[in-house]
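Undergrad: Take a look at this one; I'll ask things after.
The values are calculated or read from the model by the stated rules, or taken from the named source; none is laboratory data. Not measured: the values here are computed from a predicted model. When we count neighbours, we look across all protein chains shown, and the Cβ atoms used for this are built from the backbone with ideal geometry, even at glycine.
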Amino acid sequence: MISVKNALDIIDSFPKIYTSEKVNLQDALNLVLFENVSSPINMPPFRQSAMDGYAIKYSEQEKYTVVKESKAGDSGNHSLKVGEAVRIFTGALVPDDGDTVVMQEHVERNGDSILIQKMPEQFANIRKTGEQIKVGEIALKKGTKLNEAAIGFLACLGITTVTVYKIPKVTILVTGNELQKPGTDLEIGKIYESNSVMLKAVLQKSGIKDIEIIAVKDDYQETKTSIKNALEINDILLVSGGISVGDYDFVKEALLENKVEELFYKINQKPGKPLWFGKKQNTYVFALPGNPASALTCFYIYALPLIRKMCGYKNNHLQKVIAKSKSVIKNPSEKTLFLKANLEGEFVEVLQGQSSAMLYTYAMSNVLICVASETAEIKIGEEVTCIKLEM
Ligand code: AMP
Ligand code: MG
C-alpha cells in the first residue's frame, strides 16, 4: 500500500512520450497545439480601409475630386494625386498613393467633389499590411488550447489543419456477474450497470470522443481475453470492479498475465483503496474499484490528470481551493479521506452518506474535501482543502 502523495507522484511522472495528430481546424476546438503555428501570410494581407469614406493623399486642402471607387474585394490599385480622392469602403484595398482615409460622416459630397469638414490625422483609418501578424511570425505557440477565437484567428490566416496533442482512445471494461444493462427489468440478485455510463459521461466532459465499453462476467479467461484486445487498440484502459481480494476478482491476475506492468496497487485512502495502476508500452491501465463512488473518486484524482496531461493540458489536476469547514471531521483511520461535500462561498459542509456504494450524495456535491492521513480531527471553522468537481 502506498500513500496518496506517492501514487500521485507516479501518475505525474507519465506520460513519458506524447503523441500528436493532424486534424481539421474546424474539429480542433479545445484541443492543444503540439507545435508552434507560424503565419503563412501577412494579416491584413494589404493596406485596408478601416472605414467607409474617402482615401486621399494627405494635404492641407479641404476640397477633393472623386476619381475612382474601391469596394471590398476590388483589386484595382488606383493612382492618386493631391486633390483627388477615391471613394472607399471598409476592408477595401487602399491605393498605394493614398495615405489617409476620411470617414464619410466628416465629408460633404456634391456630385464628383467632396468637402472635408473634419480632417483626420495623416495615416488615419488605414490598417497596415501585417499589422496583426507578419508572414512567418508565430501565430500561436505550442501548448495553446484552441478556443473559438484561436480557431477563427488561424482560419483568417488561411490555415485549414493543425497538429494537436492526440486525444487518447479509452476502453471501459466493466466486470461483474451481477451487472445488468439499464433499460431492462431488473432480475433478482442483479443491479444496473452504472459505472460505464458514469465514466463515459465524465470522459466526454473531458473531451474524449473515442470510448468503447465492454462488459465481462467474473470469469478469468473472459477478463484476460478482453484486456488483451483492449490493450491492442487503446491509450487508456479503465477497468471497473474485480480488483479487490474476493474469490471472483480476477482483474489483477488478468492484467499481469497480459504483461501489464504494475506501477502501484492499493492506496492509503478512503474511498478507493484497491486502485491498481499499470502500463504496457504506451497504454495506461487503471483498475478502478467497482463501488461507484470509489470508482469516480479514483477517476477524478488519478485517471483524469493523466488523461488531461496526454491531451496537452497544463492544469491537468482538478483545481483546489481552501475553505472553512462547517463540519467536525474525525479521521481515526490514518488514511487520506476524500469526502463528498458542498462548497458555498468560503464555507464547506461534509454531506451525509459517504458510503462508497452510494452515488446519491456525490450527485449533490460540488467538491471533495481532502483530509490528510496525518490529520485526526478538523474542527468547525478550520481550513480544509477542497477539490472542485468541475473542469
Ligand atoms: P467489486 O469491486 O467488483 O467487488 O464491486 C464492488 C461493488 O460495486 C459491488 O457491490 C458491485 O456490485 C458494485 N459494482 C461493480 N461494478 C459495478 C458497475 N459497473 N456498476 C455499478 N455497480 C458496480
Ligand atoms: Mg465484482
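Undergrad: Out of everything in the range 361-378 that is among the polar types (S, T, N, Q) and in a loop (DSSP other than H, G, I, E, B), what residue ends up being farthest from Ser294 (Cα to Cα)? Quick ask: steps written out before the conclusion?
TA: First, pick out the residues of the range 361-378 that are among the polar types (S, T, N, Q): 361, 365-366, 373, 375.
Narrowing further to those that are in a loop (DSSP other than H, G, I, E, B): 365-366, 373, 375.
Working: Ser365: 14, Asn366: 16, Ser373: 17, Thr375: 21 Å.
Among those that are among the polar types (S, T, N, Q) and in a loop (DSSP other than H, G, I, E, B), it is Thr375.
Undergrad: Same structure again: Got at least one residue in the range 185-195 being assigned to a helix (DSSP H, G or I), buried (at least 16 other Cβ atoms within 10 Å of the Cβ) and in contact (Cβ under 8 Å) with a residue 60 or more places away in the chain? Steps first, please.
TA: Residues of the range 185-195 that are assigned to a helix (DSSP H, G or I), as a first pass: 195.
The next check asks that each one be buried (at least 16 other Cβ atoms within 10 Å of the Cβ); those that pass are 195.
From the residues that got through so far, the ones that are in contact (Cβ under 8 Å) with a residue 60 or more places away in the chain too are 195.
Yes: one or more hits.
Undergrad: Scanning for something within 30 Å of Leu238 (Cβ to Cβ), assigned to a loop (DSSP other than H, G, I, E, B) and within 16 Å of ligand 1 (Cβ to nearest atom), does the range 167-177 turn up at least one residue?
TA: yes
Undergrad: (1) surrounded by fewer than 19 Cβ atoms within 10 Å (Cβ to Cβ); (2) in a loop (DSSP other than H, G, I, E, B): which one isn't true of Leu80, the others all being true?
TA: Leu80 satisfies every listed condition except (1).
Undergrad: While we're here: Looking at Leu296, Leu318, which one is within 21 Å of the chain's Cα centre (by Cα) and within 13 Å of ligand 1 (Cβ to nearest atom)?
TA: Being within 21 Å of the chain's Cα centre (by Cα) and within 13 Å of ligand 1 (Cβ to nearest atom) holds for just one of Leu296, Leu318, which is Leu296.
Undergrad: Could you please let me know if Ala55 is small (Gly, Ala, Ser), at pLDDT 95 or above, in a loop (DSSP other than H, G, I, E, B) and over 30 Å from Lys141 (Cβ atoms)?
TA: When the stated conditions are applied, Ala55 does not pass them.
Undergrad: Okay, next question. When residues of the range 260-285 are filtered for being within 16 Å of ligand 2 (Cβ to nearest atom) and either surrounded by fewer than 23 Cβ atoms within 10 Å (Cβ to Cβ) or in contact (Cβ under 8 Å) with a residue 40 or more places away in the chain (or both), how many remain?
TA: 4
Undergrad: Hey, another quick one. Go through (1) within 16 Å of ligand 1 (Cβ to nearest atom); (2) at pLDDT below 95 one by one and return the number of the condition Gly272 breaks.
TA: (2)
Undergrad: Can you name the residue in the range 191-213 that is away from ligand 1 (no atom under 15 Å from the Cβ) and among the basic types (Lys, Arg) and, of all such residues, is nearest to the chain's Cα centre (by Cα)?
TA: Looking at the filtered set, the residue picked out is Lys205.
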